[in-house]
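A quick write-up on the structure given underneath.
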Amino acid sequence: KASSFRCAEFAMDSFSSYPRRIIGTEIAFYLKEVEPGLTRASIRSRRYDVSKLALIFHGGGHAKAAGCTIHLPLQQATEAILKEIGKLYF
(Lines give C-alpha, C1' and ligand atoms only; values in the text may rest on other atoms or scores of the structure.)
Protein backbone atom coordinates (compact mmCIF):
# COMPACT_ATOMS: atom_id res chain seq x y z
CA LYS A 1 0.00 0.00 0.00
CA ALA A 2 2.84 2.43 0.73
CA SER A 3 4.24 2.05 -2.77
CA SER A 4 0.88 2.87 -4.39
CA PHE A 5 0.70 6.00 -2.22
CA ARG A 6 4.13 7.06 -3.44
CA CYS A 7 3.03 6.52 -7.03
CA ALA A 8 -0.04 8.68 -6.46
CA GLU A 9 2.09 11.41 -4.93
CA PHE A 10 4.60 11.22 -7.77
CA ALA A 11 1.82 11.49 -10.33
CA MET A 12 0.41 14.54 -8.55
CA ASP A 13 3.80 16.25 -8.42
CA SER A 14 4.52 15.48 -12.07
CA PHE A 15 1.12 16.67 -13.25
CA SER A 16 1.50 20.10 -11.64
CA SER A 17 4.51 20.80 -13.87
CA TYR A 18 2.53 20.61 -17.13
CA PRO A 19 0.52 23.87 -16.85
CA ARG A 20 3.78 25.70 -16.18
CA ARG A 21 4.75 25.02 -19.79
CA ILE A 22 1.92 27.19 -21.11
CA ILE A 23 3.24 30.57 -22.21
CA GLY A 24 2.23 33.24 -19.71
CA THR A 25 1.70 30.87 -16.80
CA GLU A 26 3.40 32.26 -13.72
CA ILE A 27 2.21 29.80 -11.06
CA ALA A 28 0.81 26.32 -11.61
CA PHE A 29 -0.88 24.22 -8.98
CA TYR A 30 -2.69 20.94 -8.79
CA LEU A 31 -5.19 20.22 -6.04
CA LYS A 32 -6.51 16.82 -5.06
CA GLU A 33 -9.09 16.18 -2.36
CA VAL A 34 -7.67 13.08 -0.69
CA GLU A 35 -10.55 12.71 1.75
CA PRO A 36 -13.59 14.85 2.55
CA GLY A 37 -12.40 18.24 3.73
CA LEU A 38 -8.71 17.54 3.11
CA THR A 39 -7.01 18.77 -0.07
CA ARG A 40 -3.38 18.33 -1.08
CA ALA A 41 -1.68 20.97 -3.21
CA SER A 42 1.35 20.74 -5.46
CA ILE A 43 2.60 24.17 -6.52
CA ARG A 44 5.20 25.10 -9.16
CA SER A 45 6.66 28.30 -10.60
CA ARG A 46 9.71 29.36 -12.54
CA ARG A 47 9.54 32.96 -11.38
CA TYR A 48 8.03 33.12 -7.89
CA ASP A 49 9.02 31.61 -4.56
CA VAL A 50 6.02 29.34 -4.05
CA SER A 51 7.38 27.99 -0.77
CA LYS A 52 5.97 31.20 0.77
CA LEU A 53 2.53 30.22 -0.49
CA ALA A 54 2.86 26.69 0.88
CA LEU A 55 3.94 28.06 4.27
CA ILE A 56 0.64 29.91 4.63
CA PHE A 57 -1.02 26.48 4.68
CA HIS A 58 1.71 24.98 6.92
CA GLY A 59 3.43 23.26 4.01
CA GLY A 60 6.88 23.69 2.59
CA GLY A 61 9.26 22.91 -0.19
CA HIS A 62 11.63 24.81 -2.42
CA ALA A 63 11.33 28.22 -4.05
CA LYS A 64 10.16 26.76 -7.36
CA ALA A 65 8.39 23.60 -6.13
CA ALA A 66 6.34 23.34 -2.95
CA GLY A 67 3.32 21.61 -1.52
CA CYS A 68 0.87 21.66 1.35
CA THR A 69 -2.26 20.12 2.76
CA ILE A 70 -5.26 22.42 3.02
CA HIS A 71 -7.91 21.48 5.56
CA LEU A 72 -10.81 22.43 3.30
CA PRO A 73 -12.91 20.71 0.63
CA LEU A 74 -11.59 21.04 -2.93
CA GLN A 75 -13.71 24.03 -3.99
CA GLN A 76 -12.93 26.03 -0.86
CA ALA A 77 -9.25 25.07 -1.07
CA THR A 78 -9.16 26.35 -4.66
CA GLU A 79 -10.66 29.66 -3.57
CA ALA A 80 -8.27 29.93 -0.63
CA ILE A 81 -5.14 29.26 -2.67
CA LEU A 82 -6.20 31.69 -5.42
CA LYS A 83 -6.86 34.37 -2.81
CA GLU A 84 -3.40 33.91 -1.29
CA ILE A 85 -1.73 33.91 -4.73
CA GLY A 86 -3.38 37.26 -5.42
CA LYS A 87 -2.19 38.71 -2.11
CA LEU A 88 1.38 37.40 -2.35
CA TYR A 89 2.29 37.84 -5.98
CA PHE A 90 -0.11 40.05 -7.91
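The listed residues Ser51, Ser45, once ranked by accessible area (1.4 Å probe) with the largest placed first, stand as Ser51, Ser45. What is the range 44-85 by shape, rounded, prolate or oblate, if you read a ≥ b ≥ c off the alpha carbon gyration tensor as root eigenvalues and call it rounded for a/c under 1.5, prolate for a/b larger than b/c, and oblate otherwise? Note, shape of the range 44-85 comes out prolate.
Within the full protein context, the accessible area of Val34 is estimated at about 60 Å² for a probe radius of 1.4 Å. Applying 1/(1 + (r/R0)^6) with R0 = 25 Å to the Cβ-Cβ distance of His62 and Glu33, what FRET efficiency is obtained, to the nearest 0.05? After rounding, the FRET efficiency stands at 0.55. Backbone geometry of the range 66-83 corresponds, through the Karplus equation with coefficients 6.51, -1.76 and 1.60 at θ = phi - 60°, to 3J(HN,Hα) couplings of 9, x, 6, 10, 10, 8, 8, x, 3, 4, 5, 5, 4, 4, 5, 5, 5, 4 Hz, x marking Gly and Pro. Multiplying the residue separation of Gln75 and Arg47 by 0.36 nm and subtracting their alpha-carbon distance yields 7.5 nm.
The values are calculated or read from the model by the stated rules, or taken from the named source; none is laboratory data. Remember, it's a predicted structure, so these values are computed and weren't measured experimentally. Don't worry about glycine lacking a Cβ; one is built from the backbone with ideal geometry, like all the others, and counts go over all protein chains shown. Only protein heavy atoms, including side chains, enter the accessible area calculation; ligands, DNA and RNA are left aside. Shrake-Rupley method; radii C 1.70, N 1.55, O 1.52, S 1.80 Å.
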